[in-house]
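The values are calculated or read from the model by the stated rules, or taken from the named source; none is laboratory data. What you see is a predicted model; the values in this text were computed from it and never measured. So basically every Cβ, Gly included, is an ideal-geometry build from the backbone, and we count neighbours across all protein chains shown.
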Amino acid sequence: MDFQDATKIVQTTQEERTAENNQVIEKGSRHPIIAGLHIGLKLIAIIVYALFFIFMDGYFVISFSICLLLTAVDFWITKNISGRLLVGLRWWNKVNEDGSSQWIFEAMEDHQKVRLSYIEMMIFWVTMIAAPLLWVGVCFLCFLGIRINYLGLAIICFVMQSMNFVGFALCARGSRSVLKKRVKKVAVEQGTKVAVSAAASQF
């Protein structure tokens, strides 16, 4: 190893330390209202869909309007607010001067001073994965029951939820490793405390 390589290692270590100081993963909730909206809108859309599907089949137009509105609002809030505040990620579509479309996926940089919540990060990703899966189950039930109109609505909701999941997954894939290390550290600490508490309860 030459001196130039050693200098690069020192610089990388200093950058990682600076990033760790800037990006703090807390255990408590920092944005409870946003986290509640992130869960609530997805859950309410599915509940409304189920209520109309089971008890009010003759009011499909009303159910379509309500579910589509809830899903659209949830899509916008997740894309523009929840992702930025809960996990430090964002994505959007940019139209260039020549008319071409460009998708941009961003994660917070290591030099940015950001404070995130471990609980909110888990809430964000669990709901982002669970919502499309639930709509897949709904589509399957509609297919078995030959409810073509409700199947179309379920497919629309599934597509909107999946678009957000794919967008944020691409953002997370390109993020730096420092934040991931911090998340793993908090997760290990939390898991150790749970294990110790469980062991202590046996005595």
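Remark: pairs (first residue in the range 53-72, in contact (Cβ under 8 Å) with a residue 60 or more places away in the chain and more than 15 Å from Val138 (Cα to Cα); second residue assigned to a helix (DSSP H, G or I) and not small (Gly, Ala, Ser); Cβ separation under 6 Å; 6+ apart in sequence or on different chains) = Phe60/Asn149.
Answer yes or no: is there a residue in the range 12-31 that is surrounded by 17 or more Cβ atoms within 10 Å (Cβ to Cβ), assigned to a helix (DSSP H, G or I) and at pLDDT 60 or above. Within the range 12-31, none of the residues are surrounded by 17 or more Cβ atoms within 10 Å (Cβ to Cβ), assigned to a helix (DSSP H, G or I) and at pLDDT 60 or above. Out of Arg84, Arg90, one residue alone is in contact (Cβ under 8 Å) with a residue 60 or more places away in the chain, surrounded by 12 or more Cβ atoms within 10 Å (Cβ to Cβ) and under 18 Å from Cys171 (Cβ atoms). It is Arg90.
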